[in-house]
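Below: the structure, in structure tokens.
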Amino acid sequence: MTDLRITEAFLYMDYLCFRALCCKGPPPARPEYDLVCIGLTGSGKTSLLSKLCSESPDNVVSTTGFSIKAVPFQNAILNVKELGGADNIRKYWSRYYQGSQGVIFVLDSASSEDDLETARNELHSALQHPQLCTLPFLILANHQDKPAARSVQEDMFSPSSENCVLPLVTLE
């Protein structure tokens, strides 16, 4: 073998060793899921997402319109569209439902009876929406640390339809 061929062979072997040890390629892609997060103003949607993203909840302001956050977990990434909960924004929620693979409904468990009734109506509307009715729902009873908070055992949602019985989840 000529010196040039020997050099090429060593370079190629170096390249193969380098690839085998250092460059195994990018890590396998984590699956991504698109979720929509809805609830009335002040229910804690932004605080929830900030906590999940390890951000400081100190400077949280109410969402006007919508925001999108990527929430990384070890085995998946949740792309969450958080929709503002003000009266004038809720009528546009359905425009953001397309492509969603799940729904997070955040409820202020310490809210007034009127707000609870509004939340109940919005939840029932979302449950019946054609783009959401087959998707998994997580109903989060937030603000459990407040004195006026209702417990999960209390009758926060007495569904008007027989087929709508959902367990509530609380974070403490």
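The values are calculated or read from the model by the stated rules, or taken from the named source; none is laboratory data. Computed from a predicted structure; not experimentally measured. All Cβ positions, glycine included, derive from the backbone under ideal geometry; neighbour counts span all protein chains shown. Accessible surface areas use protein heavy atoms only, side chains included; no ligands, DNA or RNA. Shrake-Rupley method; radii C 1.70, N 1.55, O 1.52, S 1.80 Å.
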Take the residues in region 145-159 that are open to solvent by 40 Å² or more (accessible area, probe 1.4 Å) and within 22 Å of G102 (Cβ to Cβ), then tell me which one is modelled with the highest pLDDT.
V152
Residue list for region 87-100, restricted to those being exposed (fewer than 14 other Cβ atoms within 10 Å of the Cβ) and either acidic (D, E) or in a loop (DSSP other than H, G, I, E, B) (or both):
D87, K91, Y92, Q98, G99
Can you name the residue in region 121-131 that is farther than 21 Å from T46 by Cβ and either touching a residue at least 12 places away in the same chain (Cβ under 8 Å) or over 21 Å from the mean Cα position of the chain (by Cα) (or both) and is also surrounded by the most Cβ atoms within 10 Å (Cβ to Cβ) among such residues?
L127
Subset tally (residues that are hydrophobic (A, V, I, L, M, F, W, C) and open to solvent by less than 20 Å² (accessible area, probe 1.4 Å)) for region 29-75:
5
Pick from region 101-120, criterion open to solvent by 10 Å² or more (accessible area, probe 1.4 Å) and within 24 Å of D34 (Cα to Cα), ranking: farthest from the chain's Cα centre (by Cα):
R120
Assess whether E82 counts as being assigned to a strand (DSSP E or B), touching a helix residue (DSSP H, G or I) at 6+ places or on another chain (Cβ under 9 Å), among the acidic types (D, E) and surrounded by 16 or more Cβ atoms within 10 Å (Cβ to Cβ).
yes
Considering only region 43-58, I want to know if a residue exists there that is in contact with a Ser or Thr (Cβ under 6 Å, 6 or more places away or on another chain) and not small (G, A, S).
yes
Taking only pairs six or more apart or across chains, which ones have beta-carbon atoms under 7 Å, a first residue in region 27-48 that is touching a residue at least 60 places away in the same chain (Cβ under 8 Å), and a second residue that is of a type in the set (F, W, Y) and open to solvent by 50 Å² or more (accessible area, probe 1.4 Å)?
V36/Y96
Since L166 meets every condition but one in (1) open to solvent by less than 40 Å² (accessible area, probe 1.4 Å); (2) at pLDDT below 85, which condition does it not meet?
(1)
Select, from T46, T41, the only residue that is assigned to a helix (DSSP H, G or I), within 24 Å of F137 (Cα to Cα) and modelled with pLDDT of 90 or more.
T46
